[in-house]
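Derivation of every value follows stated rules applied to the coordinates shown; laboratory data play no part. Fair warning: this is a prediction, and the values are worked out from it, not measured in the lab. As a convention, Cβ positions derive from the backbone with ideal geometry for all residues, glycine included, and neighbour counts pool all protein chains shown.
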């Protein structure tokens with residue numbers, strides 16, 4: 001896995017519990033992906049081994065070099081607001 005110096009020196013210290021396999025899985029099959037204004041990519045994925053928490057991975061423009069990775073507490077809430085589920089019971093006429 002290619003990483004920036006920031007990832008190696010800062011992120012690994014701040015978030016030692018995030019496993020490389022989880023990062024690679026999010027990069028391979030993101031649940032959501034956005035290109036940021038600075039050209040980097042933000043990728044999200046759910047990690048079943050971490051109570052199904054959402055992991056956000058930030059890559060450089062090449063989408064291969066990991067710059068940051070952290071659990072995103074607001075992702076599922078924001079996703080629920082932007083993708084509301086259908087009502088459980090259809091409305092009566």
*Would you tally the residues in the range 20-63 being under 17 Å from residue 3 (Cβ atoms) and in contact with a helix residue (DSSP H, G or I) (Cβ under 8 Å, 6 or more places away or on another chain)?*
7
*Please find, within the range 15-31, the residue that is surrounded by the fewest Cβ atoms within 10 Å (Cβ to Cβ) out of those that are part of a helix (DSSP H, G or I) and touching a residue at least 24 places away in the same chain (Cβ under 8 Å).*
27
*Report, by residue number, each residue of the range 64-82 that is over 12 Å from residue 4 (Cα atoms) and assigned to a strand (DSSP E or B).*
70, 71
*Can residue 34 be described as surrounded by fewer than 13 Cβ atoms within 10 Å (Cβ to Cβ) and in a strand (DSSP E or B)?*
yes
